[in-house]
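The values are calculated or read from the model by the stated rules, or taken from the named source; none is laboratory data. Everything numeric here is computed off the predicted structure, so don't read it as measured data. Virtual Cβ from ideal backbone geometry, glycine too; neighbours counted across all protein chains shown. Ligands, DNA and RNA are excluded from the accessible area calculation, which covers all protein heavy atoms including side chains. Shrake-Rupley method; radii C 1.70, N 1.55, O 1.52, S 1.80 Å.
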Amino acid sequence: DAGVIQSPRHEVTEMGQEVTLRCKPISGHDYLFWYRQTMMRGLELLIYFNNNVPIDDSGMPEDRFSAKMPNASFSTLKIQPSEPRDSAVYFCASRPSTGLYEQYFGPGTRLTVT
Amino acid sequence: GNSVTQMEGPVTLSEEAFLTINCTYTATGYPSLFWYVQYPGEGLQLLLKATKADDKGSNKGFEATYRKETTSFHLEKGSVQVSDSAVYFCALTSQGGSEKLVFGKGTKLTVNP
């Protein structure tokens with residue numbers, strides 16, 4: 001099993017630019033989660049999907065952030081325009097609809113906005 | 001809502017020392033409890049879990065027991081290794097359903113040879 005795949009692993013961009021982070025969940029998993037991790041705030045849930053439908057986006061910091069899941073095997077998190085305070089590691093996680101609710105995390109995308 | 005309180009780190013130990021990382025929770029109902037580990041430069045990995053009171057989760061020499069009377073799920077290991085150096089997160093299922101996990105702030109462990 002390939003696990004959750006995220007790309008890119010590292011992204012450096014200038015303030016004001018658009019950033020798109022990508023995630024491929026584990027095949028057969030019905031839930032997909034996007035998290036942000038920083039030293040100051042720790043691990044924050046941004047949004048999650050069930051069967052490609054956004055269920056809870058209350059963690060999305062502001063309108064500059066958007067997430068989509070056009071099909072069961074792909075999701076994107078977009079930041080437009082990006083700001084230096086968006087610098088963080090962004091994780092994607094997935095899990096099946098049955099079982100004990102454990103989530104499987106990807107390796108993360110380290111975003112630096114200068 | 002449900003919440004997790006983890007002991008603050010960082011924790012620094014010598015190899016073969018005994019490890020305890022405290023975790024207490026506030027929850028309604030009967031949440032499932034988890035410990036996740038994050039090695040440097042990687043995503044979180046599930047370390048162990050417990051789904052009901054008095055259950056003991058164990059993996060790789062780590063153990064944690066679901067204590068409902070003290071609302072705790074402390075992580076222990078009898079003899080740590082340098083390779084255990086990582087950040088450890090306690091988590092539980094959220095109130096009103098198990099779709100989300102609520103994570104603690106994480107405890108960084110460094111094991112020196």
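When B:Ala91, B:Ala64, B:Ala17 are screened for being assigned to a loop (DSSP other than H, G, I, E, B) and aliphatic (A, V, I, L, M), only B:Ala17 passes.
Name the residue that is most open to solvent (accessible area, probe 1.4 Å), counting only residues in the stretch B:35-57 that are closer than 30 Å to A:Arg9 by Cβ and not in a strand (DSSP E or B).
Taking the stretch B:35-57 as the starting set, the residues that turn out to be closer than 30 Å to A:Arg9 by Cβ are B:35-49.
Among the residues that remain, those that are also not in a strand (DSSP E or B) are: B:39-43.
Working: B:Tyr39: 46, B:Pro40: 107, B:Gly41: 64, B:Glu42: 80, B:Gly43: 7 Å².
This residue is B:Pro40.
On the basis of being polar (S, T, N, Q), more than 14 Å from every other protein chain (Cβ to nearest Cβ) and assigned to a loop (DSSP other than H, G, I, E, B), does A:Ser75 make the cut? Judged against the criteria, A:Ser75 is not a match. Scanning the stretch A:78-105 for residues that are outside any strand (DSSP E or B), modelled with pLDDT of 95 or more and among the small types (Gly, Ala, Ser), we see that the one that is least open to solvent (accessible area, probe 1.4 Å) is A:Ser82. Contact map, the stretch A:26-54: residues that are aromatic (Phe, Trp, Tyr) paired with residues that are open to solvent by 40 Å² or more (accessible area, probe 1.4 Å), Cβ distance under 6 Å, separation 6+ or inter-chain. Pairs shown: A:Tyr35/A:Leu45; A:Tyr48/A:Ile55.
Taking the stretch A:24-57 as the search range and keeping residues that are among the polar types (S, T, N, Q) and in a loop (DSSP other than H, G, I, E, B), which one is nearest to the chain's Cα centre (by Cα)?
So in the stretch A:24-57, the residues among the polar types (S, T, N, Q) come out as A:27, A:37-38, A:50-52.
So of that shortlist, the ones also in a loop (DSSP other than H, G, I, E, B) come out as A:27, A:51-52.
Details: A:Ser27: 17, A:Asn51: 16, A:Asn52: 14 Å.
The residue in question is A:Asn52.
Only one entry in B:Ser79, B:Ser32 is within 9 Å of another protein chain (Cβ to nearest Cβ) and open to solvent by less than 60 Å² (accessible area, probe 1.4 Å), namely B:Ser32. Among the residues of the stretch B:58-65, none qualifies, meaning not one is crowded, with 17+ Cβ neighbours inside 10 Å, within 20 Å of A:Ser94 (Cβ to Cβ) and more than 9 Å from chain A (Cβ to nearest Cβ). Please find, within the stretch A:8-44, the residue that is farthest from the other protein chains (Cβ to nearest Cβ) out of those that are open to solvent by less than 50 Å² (accessible area, probe 1.4 Å) and of a type in the set (Gly, Ala, Ser). Among them, the one singled out is A:Gly16.
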